[in-house]
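A.B. asks: Dumping the structure here so I can ask a few things about it.
Computed from the coordinates by the stated procedures, all read-outs in this text should not be read as laboratory data. Remember, predicted model here, so these are calculated numbers, not experimental data. Counting neighbours? That spans all protein chains shown, and the Cβs are built from the backbone with ideal geometry, glycine included.
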Amino acid sequence: MNHNVIVTLVVAGIAYGTPLLIAGLGELLTERSGVLNLGIEGMMLVGAATAFWVSKVVGGPAWFALLVAAAAAMASGAAMALVFAVVCITFRANQVVTGLALAIFGGSIGLSSYLASSGKLTKAAGPHQIRALNVLGLKGLPIVGPILFHEDVVVYASWALVVLVALYLYTTRLGLHLRAVGEQPQAADSMGISVTLYRYTHTVVGGAFAGAAGAYYSLALTPSWSNGLTAGAGWIALGLVIFAFWRPGLLMAGAYLFGIVTSLGFTLQARGVTLPPELFAALPYVMTVIVLVLTSSILSGRRLGSPAALAQFYEREEH
Amino acid sequence: MPAIAARGITRRFPGVVANDRVSFEVLPGEVHALLGENGSGKTTLCKILTGLYRPDEGEVHIDGRRVHFTSPRDAFDAGVFMVQQHFSLVDRLTVAENVVLGWSPHRTFRCRAREIEAEVAATSERFNMRVDPSARVWQLSVGERQRVEILKALYRGARILILDEPTTVLTPQECEHLFASLRDMTASGASVVFISHKLREVTAVCDRVTVLRRGRTVGAVDIAAAGADPRALARLMVGHEVSLATKDPLVVGADAPVALDVRSLGVSNDFGRLRIKDVSFSIRRGEVLGVAGVAGNGQRELAEAITGLRSHTAGQVLVGERVLRNGSPGDAIAAGVAYVPEDRMGTGLVPSLKVTDNVALKDFRSPELSRGPFVSPKKVLARTRDLLDRFDVSGRPDSTVRQLSGGNAQKVLLAREMSSNPRVLVVAALTRGLDVSAMESARALLLEAAGRGVAVLLISEDLDEVLDLSDRVAVVYDGRIMGIVGAHGADRDGIGLMMAGIEVAA
Amino acid sequence: MRLERRTTTPPWLRVVVPIGALAVALVLVAIILGASGHNPLSTYRAMFRAGFTDRGALSATLLNATPLVLTGLCAVVTFRMRIYNIGGEGQLYVGAVAATAVGLALGGRPSGLVIVAMIAAGMAGGALWAGIPGVLRAYVNTNEILTSLMLNYVAGLLILYLIFDSTSYWRNLTSPGAKVYPQGKMLTSRGWWPAWHLGGLAIPLGFVLGAGLAVGVTLALQYTRTGFQMRLVAGSPAAGRYAGIDTRRLILVVMLLSGALAGLAGASQVGDFSHLLDPNGLEQAMYGYAGIVGAALAGFEPLAVIVTAVFLGALTNAAVQLEGPSFPDGLVGTIEGTILFCVVSGALMTTYRVHRRASDPGPPEAPAEAITSPVETSLVDSRAQS
């Protein structure tokens, strides 16, 4: 088959998969601590709106504006996640309903839209965008050139992030404690580890990642603003974390796979395939359902399953 | 100088004094047994010694110094560790990861598998507690998991190790291995407190024994000096108590038809471990068969298998002539098996629902309480009022079960089960947590059911209760029936020995 | 500070806490409004007028409240059992599709027949769409939150396709306006649902149906055998099994019922309001998600859902009326999300009592009554026990 099609698919897959990967990594960390945060979609949208707004408003060179915009997006995501953490961890609220609240609050009829109208964000592209780099000048190489050497800085950062998260989880003491907290908080607590602290920090970090993932939409992918532009990516990221069995490496593979599926419609249409666009657009969602069904049949044994204490409240027996 | 000493420890909970001026000391290099039945206060005492509870009165001394523990962390720092019956292990992590969790001599940031596995291997070599440090805990047998728990303590330099009923979950070979390791540990100067109800093991591995009963120390015995007389220990443990006023159990004729027949039953627990091994017995109409034994010897699995809440892996359960379908609570209910479960407030009753709803819990489909697809509130209310009246329950039909006292809730449960005209009634934990008058009512109700011809299987940790209410008593130990004896004029000492795992010559 | 589980929740608390949560939410949103240059008081005043007191406002509010009653009931029926059907949105869409098809096909028939057929079709469509996550959850134990949610997006794309990218039965291909911008085919007047007029107030059929179903659900929960099983399993799944109930079938039945309610909301949108399939209108309204907010605010009590639906309907109505440069977009979602946050935080108070000192007890060796079962309202974490 034609190289070009494959390369185009992979490049598009990486592009669309990157926000899924980043948001997914954040949620992976959150869920590893035993907290289920369903509000990713809300945090991503608010992050996207925040980033776009800040990028239009901040002066200075492009890299500076973009950096500040990304930081603002991460901060907004972190703030929302902090509220979530307080309500769920300290007030013991039901995590599912609270996550929904977060999604509605930030969603396309909520705060992100509010910010957009306040900041007069439109479909017109902003003054700064994240552009693809030309690493070592090698972007012209056949096949590997466009894929490995012609990505933007966020993509490279996400690759580093996958490695860092994996190292964190599996080779550091803190990562070990985290895994214990998510599996058996009672055991972790009995060994002197603060369950509450780990849950709070990892939920907030998860929120920051979600905000950054949202920023990628408005600063790189689209790159502008339209209401609800993430189109459910936050929810897909949740499915991806399950599909990846809570492991960073599999998450990356899954994210890019979904990225390819998402971009399939555009790619094929560009090549003249005439099927209704909605069919292609529906593919990622249908795939998520299929993937979830498959994983739940495999997950019946607890070997591969979720962090055992996911979404369960923990409190040390009073004495 | 004792390694650890408790002096005059008193600890109260609402309605009960768990420890009443208990004193107890352990010498360095000693394996000291803490012996007693359920309710004797041994677990509470150890939780105080390890910082989980604070005593109301009394002192704890370590190496002669007085200590105040406010959390388990303080106890860790003082070198006191407890290995509980329910392990605090993270299944999905490796042995090494579990052992080093939360603490390291180096306080490093990095935690590479190879390094920690080497460290843990070194510790396990030193104390002859062999486990593969790279294995994941879910892969391990229960005995190996226990070794991991003990390794946690040894890795942190424990000087006083408390083991709570360590052998309930071990095979005989694993027991021997454990005893050998304990001797190695004490050879290095550490002390071990060995909580148990199993006399043979106590006499085999311990140097001295302190016996608790109903929250008090009743004796401290030096095994070597006194010679190992299990009967004397059994008597100390079980005692001669004054029983509650009860009726004599009925005497049942040998030609009464068999209502419940259990044949070669084998039942596994949730982890696949066989908890009931080849158990057979039968109960006639109107007979009460008591099942005596310390908790954790398979009683729960037995009750759940008979009532269909758990599948059995071998054997059959028959009610009359009918073989019950494996693992089907509905079939058991249809066959006339009533069940008063241990978990009163989560399984037997729904605390958030009203008394009326709870009364209709199993029966709501029957024509007596329903009409077509509708449940008739009038009929349910009538039955509820009738039950509350007949069984002397104080409470309103429309209050939620959570609002009732423990005793009244239990009465509601009993009332419902007994009034469903069952053929077989399985009762676990009849009077646990009830005050005296509630206890009397519950016992009377049970006897009345037997009087009406119901075959009763009474599972209880309270030997007195079993002896008072049963016609025959089966003693269960480690999933097997050690023997079935008549309740009248039973030899308490003999039963005590069976409960503790010692075969008694017929 | 120590929290102790209450044995009973006084009824006044059950009403005061959601109202308190609502008040707190409005204050918080007022802060957001103020921080972004809007005057909160005048905004709220304008909203109140547009929602309740202006001429025709109350009727418009009821029209907006109609789908919310039904999607609220959709959530109530499942959330009480800790089954999280978030697919009300998609089930609504599919119900709308089914009802429109039937309404168009039966165009010339008597009005009564058409309307009844639309109601039935709407409920069937919604039930079908909910049946997918229902079967998956009941029999394969697949997480219903994500599956029902993904199907929302699929259903949303379906209705867009039917009107914008196809020449389907639902699309208007003849009228001149429709050639310029895609529109749905309009139902004949036989398919327009009636409304009752009470002194200037128009009460749509859908609202009446919704209110009736709220009563019906309350009665069913109390008096039918299925309702009894639902209450039982909601109170304690272990007790459900102990009582010999087939929990898998129950889960499926509950999901189907829930979907039927949302599907009826979709049928009502077509019959009471748009009279054609309007994808953009449906997708912008997000009635499915708003229904969940209303259900939570109502403490998952069916009758209270009627009240909260009217409130949220007023909110949505006001946002539509006031839309313009001076009125911020996204206020509806912000308010709804904040309300839900506050309600869910407030649930703490109905379930726990606060004690000042960390006094005992811990369990003695043979534990006395361990109250371990989950809570009635599903808003506090089901494992949160003391």
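A.B. asks: Listing B:S419, A:S112, B:S141, A:S190 from the residue with the fewest other Cβ atoms within 10 Å to the one with the most, what is the order?
C.D. replies: Fewest to most other Cβ atoms nearby, the residues stand as B:S141, B:S419, A:S190, A:S112.
A.B. asks: Can you give the average number of partner chain beta-carbon atoms within 10 Å of each beta-carbon in peptide A:274-282, as a whole number?
C.D. replies: Whole-number average of other-chain Cβ neighbours for A:274-282 is 5.
A.B. asks: Averaged over peptide B:349-360, how many Cβ atoms belonging to another chain are found within 10 Å of each residue's Cβ? Present the calculation step by step, with values, prior to reporting the outcome.
C.D. replies: Numbers: counts 5, 13, 12, 12, 9, 1, 0, 0, 5, 3, 0, 4.
Mean partner-chain Cβ count within 10 Å for B:349-360: 5.
A.B. asks: Based on the alpha-carbon gyration tensor of the stretch C:2-355 and its eigenvalue square roots a ≥ b ≥ c, which shape applies: rounded if a/c is under 1.5, prolate if not and a/b is larger than b/c, or oblate?
C.D. replies: Numbers: a/c = 1.78, a/b = 1.16, b/c = 1.53.
Since a/c reaches 1.5 but b/c is at least a/b, the shape of the stretch C:2-355 is classed as oblate.
A.B. asks: Follow-up question, since we're still on this one. Using a Förster radius of 25 Å, what is the FRET efficiency between C:S189 and C:F52 based on their Cβ-Cβ separation? Nearest 0.05, please.
C.D. replies: E between C:S189 and C:F52, to the nearest 0.05, is 0.25.
A.B. asks: Report, in listed order, any pair from B:K42/B:K411; B:K47/B:K277; A:K123/C:K185; A:K120/C:K179; B:K277/B:K411; A:K56/A:K123 with a Cα-Cα distance greater than 24 Å.
C.D. replies: Numbers: B:K42/B:K411 30 Å; B:K47/B:K277 33 Å; A:K123/C:K185 31 Å; A:K120/C:K179 32 Å; B:K277/B:K411 33 Å; A:K56/A:K123 13 Å.
Too far apart for the 24 Å limit: B:K42/B:K411; B:K47/B:K277; A:K123/C:K185; A:K120/C:K179; B:K277/B:K411.
A.B. asks: Would you order A:H177, B:H197 from fewest to most other beta-carbon atoms within 10 Å of each residue's own beta-carbon? Before the final figure, lay out the partial values.
C.D. replies: Details: A:H177 23, B:H197 28.
The most exposed by this proxy come first: A:H177, B:H197.
A.B. asks: Now for a different question. Just to be sure I understand the model, the point goes 7 Å from the Cα along the line to the Cβ. What's the resulting B:V323 to B:R110 distance in nm?
C.D. replies: 6.3
A.B. asks: Which whole-Hz ³J(HN,Hα) couplings does the stretch C:16-30 yield from phi under the Karplus relation 6.51 cos²θ - 1.76 cosθ + 1.60, θ = phi - 60°, glycine and proline marked x?
C.D. replies: Going residue by residue, I get 5, 5, x, 5, x, 4, 4, 4, 4, 4, 5, 5, 4, 5, 4 Hz, with x marking Gly and Pro.
A.B. asks: So if R0 is 51 Å, what FRET efficiency would C:R109 and C:L41 give, r being the distance between their Cβ atoms, rounded to the nearest 0.05? Write out the running numbers ahead of the final one.
C.D. replies: On the way: r = 52 Å, r/R0 = 1.03.
Once the sixth-power term is evaluated, E becomes 0.45.
A.B. asks: Measuring from label point to label point, each 7 Å out along Cα→Cβ, what is the B:E125 to A:T172 span in nm?
C.D. replies: 3.2
A.B. asks: So what's the angle, to the nearest 10 degrees on a 0 to 90 scale, between helix A:153-171 and the longest Cα principal axis of chain A?
C.D. replies: In chain A, helix A:153-171 runs at an angle near 20 degrees to the longest axis.
A.B. asks: With only Lys, Arg, Asp and Glu charged, each at its Cβ (+1 for the first two, -1 for the last two), find how big the charge dipole of the protein assembly as shown is about the Cα centre; round to the nearest 20 debye.
C.D. replies: The dipole of the protein assembly as shown has a size of about 1860 debye.
A.B. asks: Follow-up question, since we're still on this one. Any idea how far apart A:S226 and B:D56 come out in nm if each label point goes 7 Å out from Cα toward Cβ?
C.D. replies: About 7.2 nm, to one decimal.
A.B. asks: Which net charge results when you count Lys and Arg as +1 and Asp and Glu as -1 among the other residues whose beta-carbon is under 12 Å from that of A:F105?
C.D. replies: -2
A.B. asks: Less than 19 Å from a label point 7 Å out along the Cα-to-Cβ axis of A:V273: which backbone N atoms in the stretch A:1-43 qualify, by residue?
C.D. replies: Those under the cut-off are A:1-17.
A.B. asks: How high is the relative contact order of the stretch B:347-420, in percent, counting Cα pairs under 8 Å that sit 6 or more residues apart?
C.D. replies: It rounds to 39 percent for the stretch B:347-420.
A.B. asks: Further question on the same structure: Could you order the peptides C:99-105, B:53-59, B:80-86 from most to least packed, using the average number of other C-beta atoms within 10 Å per residue? Please list the in-between numbers first.
C.D. replies: Values: C:99-105: 24.9, B:53-59: 16.9, B:80-86: 19.6.
Peptide ranking by packing, descending: C:99-105, B:80-86, B:53-59.
A.B. asks: On to the next question. Per residue of C:32-41, count partner chain C-beta atoms within 10 Å of its C-beta, then hand back the mean as an integer.
C.D. replies: Working: counts 3, 1, 0, 1, 5, 1, 1, 0, 0, 0.
Partner-chain Cβ atoms within 10 Å, mean over residues of C:32-41: 1.
A.B. asks: While we're on this one: Tell me which residues come under 5 Å, amide H to amide H, from B:N19 once H is placed; ignore anything under 5 positions away on its chain.
C.D. replies: B:R11
A.B. asks: When you count, for each residue, the other Cβ atoms within 10 Å and take the mean per peptide, how do B:446-459, A:160-173 rank with the highest first? Numbers along the way, then the final one.
C.D. replies: Values: B:446-459: 21.4, A:160-173: 16.1.
Listed from highest to lowest mean packing, they are B:446-459, A:160-173.
A.B. asks: To continue, here is another question. Cα gyration tensor of the stretch A:11-55, axes a ≥ b ≥ c as square roots of the eigenvalues: rounded (a/c below 1.5), prolate (a/b > b/c) or oblate?
C.D. replies: Since a/c reaches 1.5 but b/c is at least a/b, the shape of the stretch A:11-55 is classed as oblate.
A.B. asks: Run the numbers on chain B and let me know its relative contact order in percent, using alpha-carbon pairs under 8 Å that are six or more apart.
C.D. replies: Over chain B, the number comes to 15 percent.
A.B. asks: Given the -39500 (n - 2.57) contribution per DSSP H run of 4+ residues, what per-residue ellipticity at 222 nm results for the protein assembly as shown, rounded to the nearest 500 deg cm²/dmol?
C.D. replies: -16500 deg cm²/dmol
A.B. asks: Need one number: % antiparallel among DSSP beta bridges in the protein assembly as shown, to the nearest 5.
C.D. replies: The answer is about 60 percent antiparallel.
A.B. asks: Another question, then. Which order, highest average first, do A:137-145, A:85-93, C:324-332 follow once you tally other Cβ atoms within 10 Å for each residue and take the mean per peptide? Let's see the in-between values first.
C.D. replies: Details: A:137-145: 12.3, A:85-93: 21.4, C:324-332: 17.7.
Result, highest mean first: A:85-93, C:324-332, A:137-145.
A.B. asks: Assuming R0 = 41 Å, can you tell me the calculated FRET efficiency for the pair B:E176 and B:D491, based on Cβ-Cβ distance, to the nearest 0.05?
C.D. replies: Taking R0 as 41 Å, the efficiency between B:E176 and B:D491 is 0.85.
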